[in-house]
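Remarks on the structure that follows.
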Amino acid sequence: MLRWIIFILIYLALGLYALQALKTITRLPWVYYLFIALCLLVLGNFIFQFTWGEAEGRVLSRPKSYAFGFLITVITFQLITILFLFSEDIFRLLAGAYHKFLGGDKTFTVPERRRFMSLLGMGLAAIPFGALLYGMYKGKYNFKVLKYDLEFDDLPDAFDGYRITQISDVHSGSFDDQKKIEYAIDLVNQQKSDVLFLPGIWSIIRRRK
């Protein structure tokens, strides 16, 4: 329970900090409320799925996979935005201190945030945000076959034309689309390889033993 409370507090703090960039960019209240509602909805869904959701063993169910994916997407967006805000806030504090102690100002005033920095931060944060959403819905089943010809001077003649297929970087969640998985298997079988490598599978088997 304590870990959940700490996690929720950190998540909310990140969201409130990132909200400051949004307030610098626009003065429309409904945009703020939409951002807050989105962050709370993602957090609430994650908590629900991983506390009251159905137990699926070690393999995440489809709702849990999406809940976790949405959470990572929002947190990534917040962290990148905050990176720009925090760096600017340090500059603002230093500028305020300089004007007070070295510039002759009697009061300590912090310069306002620059709209450009907030736009830049949120704009760059939107890139991985969109990429993660695309990966969750489409990219995870975007299978590709990359072919390479390898040549070695000391390779025995018996390996001339020897074909190796390596399956790697498969991020298909819980394989919730049977047709897409069958399509991937067909792609592998079409290669008619002499040997098939699945790096990473052995380490999973060893951990489960």
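FYI, it's all coordinate maths here, none of it is from the lab. Predicted model, so just to flag it, every value in this text is computed and none were measured. For neighbour counting, all protein chains shown are included, and Cβ atoms are generated from backbone atoms with ideal geometry for every residue, glycine included.
Can you flag which of Lys64/Lys192; Lys64/Lys180; Lys23/Lys100 are past 30 Å Cα-Cα? Exceeds cut-off: Lys64/Lys192. Here Trp52 and Leu133 are evaluated by their C-beta separation; at R0 = 25 Å the FRET efficiency comes out at 0.50.
For region 2-94, the Kirkwood hydrodynamic radius from C-alpha pairs, put into Stokes-Einstein at 20 °C and a viscosity of 1.002 mPa s, yields a diffusion coefficient of 146 µm² per second.
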